[in-house]
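Chemist: The structure under discussion is supplied below as structure tokens; questions concerning it will follow.
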Amino acid sequence: MCCVPVAYKSPVSRFAQFGSSPLSRVGAMLLCAAVVLCALGAMGEEPLCRILGNPETPQLSKDGDIRVGGVFSIHRTIRLPVLSFRNKLTFSVFNSINLREFRYAQAMIFAIEEINNSNSLLPNVTLGYEIYDSCTSTVGAMRAAMALVNGQDQTAHSGCAGKPVVHAIVGESDHFATCACLSNKNEFPTFFRTIPSDYYQSRALAQLVKHFGWTWVGTVRSDNDYGNNGMSVFVEAAKDEGVCIEYSEAILRNYPKQRITKVVEVIKRSTSKVILAFLPLTEMDVLLEEILLQNVTGLQWVASESWITARYFATPRTSTVISSVIGFTITKSTVPGLNDFLVKVHPSKSPQNALLKEFWEASFACMFSQRNETTDVKLCSGKEKLAELSNEYTDFSELMSSNVYKAVYAVAHALHELLTCKQGKGHTLNESCVDKVVKYLHEVNFTTHTGERVYFDLNGDPTARYELVNWQKGEDGEIKFVTIGYYDASLPAGKQFTMNDNNIFWAGDPFTSVCSESCQPGTSQAVIRGKPICCFSCIPCAAGEISNVTDSTKCIKCPLEYWSNEDRTECILKKVEFLTFGETMGKMLTAISVIGASLTAATGLIFFHFMETPIVKANNSELSFLLLFSLILCFLCSLTFIGRPSQWSCMLRHTVFGVTFAMCMSCVLAKTIVVVNAFKASVPGSNVLQCSAPLQRLSVLCCTLIQVVICALWVSLAPPVPNRNTAYSTDKVILECDVGSAVGFWAVLGYIGLLSLMCFVLAFLARKLPDNFNEAKFITFSMLIFCAVWITFIPAYVSSPGKFTVAVEIFAILASSYGLLFCIFLPKCYIILFKPEKNTRRHIMGKMHAKSH
């Protein structure tokens with residue numbers, strides 16, 4: 001980060017803060033809090049605060065008209081004493097120099113010297129610098145901040161309100177300037193950074209995980225603002241993307257080893273194969289050591305920008321456990337001349353600087369002097385060449401140096417505008433210009449030598465742009481950081497993320513990480529109680545429902561006239577069912593109907609051929625032919641019930657059926673009356689009125705007309721109509737004729753039933769007629785069959801499913817028609833054809849007279 005004391009305004013100081021790579025919220029508050037304490041102490045005549053211990057001294061420094069401070073974690077580790085308010089705070093540095101951080105410090109120096117050599121930016125003004133080492137510690141960062149605020153003074157006095165020690169601080173590279181919390185201008189009104197906020201990185205990581213179908217991941221974060229804030233945004237974004245977190249562990253480098261071990265054991269026991277490590281370098285270093293110790297392999301690592309391009313981790317030793325890391329880093333921006341500057345650094349340029357000597361010794365594994373007689377280490381000649389090395393310092397693919405470079409230039413441009421303001425008013429630096437310093441920083445808008453545009457939004461953040469990097473092993477065995485995609489938060493949603501999936505190296509092939517295997521089309525996910533939504537079982541869709549995508553959360557119900565196919569993957573039109581002429585049942589009923597009509601016609605021909613015989617004459621040939629004609633119509637009307645229902649066929653089938661059967665029953669009724677009257681009239685002393693032929697025809701016509709009127713009213717008021725019945729069967733549509741008016745339907749059947757009942761009663765009363773002329777007995781038997789058929793028809797009709805309803809109705813028509821044909825006409829045809837000796841007037845009349853006497 002960069003904490004910039006631009007000028008003091010007693011009693012409280014004003015700051016502009018810059019972040020160039022990771023800065024903690026705690027570190028930022030400590031830096032600013034130090035000046036607040038100083039300002040409060042300046043309100044009295046005597047100093048009210050005193051620094052415990054010796055003041056810090058910069059590791060690298062240079063005088064100038066305006067000095068810029070820097071804080072970098074040049075050494076990896078410090079040893080802290082037991083903290084106490086009674087003792088002076090002291091700590092010692094151990095472990096090796098951090099070559100990556102030393103590179104950042106040199107990048108800052110390079111930028112300052114480049115600005116000093118510029119004729120357009122800060123002309124006639126020389127920038128100086130003071131660079132401190134925080135030793136990867138918040139305490140170290142605070143001590144460095146105090147030193148940058150107070151200089152080498154032991155006490156904080158009224159000088160705090162005077163000229164500041166430095167005018168800007170660049171860093172701190174190990175204290176998380178990417179934290180989204182620092183975008184809060186109410187809490188950090190003067191904080192700026194040249195690295196994007198983790199808010200965008202975390203959301204991009206969630207989209208990345210979802211892009212590869214990894215819905216079951218584990219996470220490890222640092223237990224500080226960098227890790228906690230970054231992970232909270234990731235968890236929220238992952239939830240929106242449908243990604244589940246199996247575990248979320250937090251570590252810090254100073255945690256006890258047992259705690260780190262438990263975290264790694266959680267990773268080993270997990271079922272997820274993807275692990276997101278939202279960690280800074282130091283925490284990742286601690287975790288990786290334990291990962292290597294327990295030999296945890298087979299995981300796909302997703303890295304945060306803090307360590308994705310750290311050459312320190314990409315070694316043959318670590319490649320056994322993290323060989324295919326993928327993650328976002330800041331966009332590449334090569335600083336012209338920086339690499340040449342880096343390789344020209346030499347201790348001889350500042351012989352008194354111990355840090356430069358330590359850097360040289362660490363780089364070439366040598367010593368300038370033999371410090372220990374027992375140590376067998378080669379001496380440094382000073383002729384070693386940095387350009388021949390391959391380490392973190394000379395890693396020209398490292399990207400963070402450009403952020404340090406841009407941070408220094410942002411400070412320079414802001415100061416340039418500030419000085420322009422001063423010169424424009426013709427007097428020294430004044431409060432009105434100081435009040436505008438933050439405004440100047442917000443208005444910074446320049447283009448670097450690489451063509452990269454640098455500016456800040458209202459939150460002091462740059463535009464979030466990342467490169468997607470994948471660790472890939474080259475032919476020489478070295479791990480390379482290969483760019484495989486980009487993320488630009490300034491683009492519209494849906495276009496921010498681009499990637500080349502074909503150029504990725506995975507930990508496994510193919511690589512998946514899911515809690516449950518995908519549910520194929522035709523099934524849906526069912527959440528398992530007590531587990532995240534990513535853990536589910538696959539349930540087949542019910543009949544009538546489908547799912548046509550993978551991992552469907554629910555099955556879709558098909559529309560009313562559609563049904564699901566066997567695989568439950570698409571809705572298809574339901575099978576339409578109606579009784580057809582082509583199916584077996586339709587063919588059988590058609591054949592029975594045609595046979596019945598043919599037999600009836602044949603009977604009519606027999607009667608016509610033997611019309612002059614006594615038995616035909618005795619049976620009233622006119623009524624017999626009319627009855628046979630109506631029976632033919634009854635047989636043929638059953639055919640109207642077969643076939644696809646339509647508006648006309650529905651009306652025709654019911655009206656024809658009603659009228660023909662009414663005519664048939666009218667003929668039977670008239671015939672019964674004629675038979676009874678004929679027998680009674682032949683008895684001596686009988687006064688029965690003879691039923692003449694016109695009267696017979698009139699009775700048949702009247703009885704039939706009544707049914708015609710009923711049918712006409714039915715058709716005109718509420719006619720039968722075709723209906724698509726989807727309620728009875730779920731998987732098919734039944735085409736049927738809805739009767740329209742139930743009253744009309746049952747009135748037609750009731751009238752036919754009334755006529756048949758009258759025939760049955762009259763015939764039953766005349767059942768004791770002579771044997772040779774037993775017409776009434778045959779009519780009685782035929783009516784018995786007729787009534788039995790139609791009484792049975794009613795429950796069968798109501799309960800029959802689908803097309804069987806129509807089949808039952810046809811069966812009732814045919815059965816009753818065959819009953820009438822066989823019972824009334826078959827005995828007579830038998831006598832006519834096979835017993836002609838009985839077809840004589842003498843035989844018929846003789847039996848009748850014998851019976852009457």
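The values are calculated or read from the model by the stated rules, or taken from the named source; none is laboratory data. Owing to the predicted nature of the structure, the values given are computational and were not obtained by experimental measurement. Every residue, glycine as well, gets a Cβ built from its backbone with ideal geometry; the counts of neighbours run over all protein chains shown.
Chemist: Looking for whichever is in contact (Cβ under 8 Å) with a residue 24 or more places away in the chain and either part of a loop (DSSP other than H, G, I, E, B) or not aromatic (Phe, Trp, Tyr) (or both) here; the options are Val377, Val335. Which one fits?
Modeler: The match here is Val335.
Chemist: Could you tell me how many of the residues in the range 634-662 are within 16 Å of Gln707 (Cβ to Cβ), surrounded by fewer than 24 Cβ atoms within 10 Å (Cβ to Cβ) and free of Cβ contacts under 8 Å to residues at least 60 places away in the same chain?
Modeler: 3
Chemist: Mind checking which pairs have a first residue in the range 713-737 that is in contact (Cβ under 8 Å) with a residue 24 or more places away in the chain and a second that is among the hydroxyl-bearing types (Ser, Thr, Tyr) and buried (at least 19 other Cβ atoms within 10 Å of the Cβ), Cβ under 7 Å, 6 or more apart or different chains?
Modeler: Hits for this filter: Val715/Thr655; Glu736/Thr805.
Chemist: Further, regarding this structure: State yes or no: is Lys273 more than 34 Å from the chain's Cα centre (by Cα) and either at pLDDT 90 or above or not aromatic (Phe, Trp, Tyr) (or both)?
Modeler: No: the conditions fail for Lys273.
Chemist: Residue by residue through the range 722-737, note down the ones that are in contact with a Lys or Arg (Cβ under 7 Å, 6 or more places away or on another chain) and of a type in the set (Lys, Arg).
Modeler: Lys732, the sole residue that qualifies.
Chemist: Now a separate question. Determine which member of the set Glu384, Glu392 is surrounded by fewer than 20 Cβ atoms within 10 Å (Cβ to Cβ) and either in contact with a Ser or Thr (Cβ under 6 Å, 6 or more places away or on another chain) or at pLDDT below 90 (or both).
Modeler: Unique residue meeting the criteria: Glu392.
Yes/no matrix, rows are residues, columns are (1) at pLDDT below 85; (2) farther than 22 Å from Tyr393 by Cα; (3) among the acidic types (Asp, Glu):
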position: Ile109; (1), (2), (3): no, no, no
position: Glu114; (1), (2), (3): no, no, yes
position: Ser118; (1), (2), (3): no, yes, no
position: Pro123; (1), (2), (3): no, yes, no
position: Ala145; (1), (2), (3): yes, yes, no
position: Pro164; (1), (2), (3): yes, yes, no
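Chemist: Which residue is farthest from Tyr440 (Cα to Cα), if the candidates are limited to the range 460-485 and must be part of a loop (DSSP other than H, G, I, E, B) and touching a strand residue (DSSP E or B) at 6+ places or on another chain (Cβ under 9 Å)?
Modeler: Gly474
Chemist: Which ones in the range 317-375 are under 30 Å from Lys273 (Cα atoms) and of a type outside the set (A, V, I, L, M, F, W, C)?
Modeler: Within the range 317-375, Arg317, Thr318, Ser319, Thr320, Ser323, Ser324, Gly327, Thr329, Thr331, Lys332 qualify.
Chemist: Report the residue count in the range 557-569 for those that are crowded, with 19+ Cβ neighbours inside 10 Å and outside any strand (DSSP E or B).
Modeler: 2
Chemist: Is it true that Asp738 is of a type outside the set (Gly, Ala, Ser), buried (at least 16 other Cβ atoms within 10 Å of the Cβ) and under 48 Å from the mean Cα position of the chain (by Cα)?
Modeler: The answer is yes for Asp738.
Chemist: Pull up the range 613-670, narrow it to residues that are part of a helix (DSSP H, G or I) and among the charged types (D, E, K, R), then point me to the one that is farthest from Lys835 (Cα to Cα).
Modeler: Per the criteria, the residue is Arg653.
Chemist: In addition: Take the conditions closer than 27 Å to Glu172 by Cα, surrounded by fewer than 17 Cβ atoms within 10 Å (Cβ to Cβ) and at pLDDT below 80 and apply them to Ser397. Does it pass?
Modeler: yes
Chemist: Starting from the range 603-619, take each residue that is in the same structural domain as Cys829 (by TED's automatic domain parsing) and list its partners that are hydroxyl-bearing (Ser, Thr, Tyr) and crowded, with 20+ Cβ neighbours inside 10 Å, counting only C-beta distances under 6 angstrom and pairs at least six apart or across chains.
Modeler: Phe607/Ser624
Chemist: Lys554 is checked against (1) assigned by TED's automatic domain parsing to the domain that holds Val325; (2) of a type in the set (D, E, K, R); (3) exposed (fewer than 14 other Cβ atoms within 10 Å of the Cβ); (4) modelled with pLDDT of 85 or more and fails just one. What number does that condition carry?
Modeler: Lys554 satisfies every listed condition except (1).
Chemist: With respect to Phe91, determine if the residue is aromatic (Phe, Trp, Tyr) and at pLDDT below 90.
Modeler: yes
Chemist: Kindly provide the set of residues from the range 189-198 that are under 21 Å from Ala493 (Cα atoms) and outside any helix (DSSP H, G or I), ordered by number.
Modeler: The answer is Pro196, Ser197.
Chemist: Being exposed (fewer than 14 other Cβ atoms within 10 Å of the Cβ), in a helix (DSSP H, G or I) and among the small types (Gly, Ala, Ser): is that true of Gly744 here?
Modeler: So Gly744 does not fit the description; no.
Chemist: If you scan the range 539-551, which residues turn out to be surrounded by fewer than 17 Cβ atoms within 10 Å (Cβ to Cβ), in a strand (DSSP E or B) and not aliphatic (A, V, I, L, M)?
Modeler: Pro540
Chemist: Among what's in the range 570-622 and is buried (at least 17 other Cβ atoms within 10 Å of the Cβ) and in contact with a Gly (Cβ under 6 Å, 6 or more places away or on another chain), pick the residue that is farthest from Ala670 (Cα to Cα).
Modeler: The selected residue is Glu577.
Chemist: May I ask you to say which residue of Ser518, Ser490, Ser513 is touching a residue at least 60 places away in the same chain (Cβ under 8 Å) and not in a strand (DSSP E or B)?
Modeler: Just a single option satisfies the conditions, and that option is Ser513.
Yes or no, residue by residue, for (1) surrounded by fewer than 17 Cβ atoms within 10 Å (Cβ to Cβ); (2) assigned to a loop (DSSP other than H, G, I, E, B):
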residue	(1), (2)
Ser729	yes, yes
Lys777	no, no
Pro795	yes, no
Ala807	no, no
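Chemist: Further question on the same structure: Kindly provide the set of residues from the range 450-482 that are farther than 17 Å from Glu305 by Cβ and of a type in the set (Phe, Trp, Tyr), ordered by number.
Modeler: Tyr455, Phe456 - these are the residues of the range 450-482 that are farther than 17 Å from Glu305 by Cβ and of a type in the set (Phe, Trp, Tyr).
Chemist: Could you tell me whether Gly508 is modelled with pLDDT under 90, more than 30 Å from Leu468 (Cα to Cα) and either surrounded by fewer than 16 Cβ atoms within 10 Å (Cβ to Cβ) or outside the structural domain of Val217 (by TED's automatic domain parsing) (or both)?
Modeler: So Gly508 fails the test.
Chemist: Restricting attention to the range 428-457, and to residues there that are within 15 Å of Ala414 (Cβ to Cβ) and basic (Lys, Arg), which single residue is modelled with the highest pLDDT?
Modeler: Taking the candidates together, the pick is Lys439.
Chemist: Looking only at the range 674-703, count every residue that is surrounded by 20 or more Cβ atoms within 10 Å (Cβ to Cβ), farther than 19 Å from Trp746 by Cβ and at pLDDT 80 or above and tell me the total.
Modeler: Within the range 674-703, residues that are surrounded by 20 or more Cβ atoms within 10 Å (Cβ to Cβ), farther than 19 Å from Trp746 by Cβ and at pLDDT 80 or above number 1.
Chemist: Go through (1) more than 24 Å from Tyr487 (Cα to Cα); (2) in a loop (DSSP other than H, G, I, E, B) for Ala310 and report which single condition fails.
Modeler: It is condition (1) that Ala310 fails.
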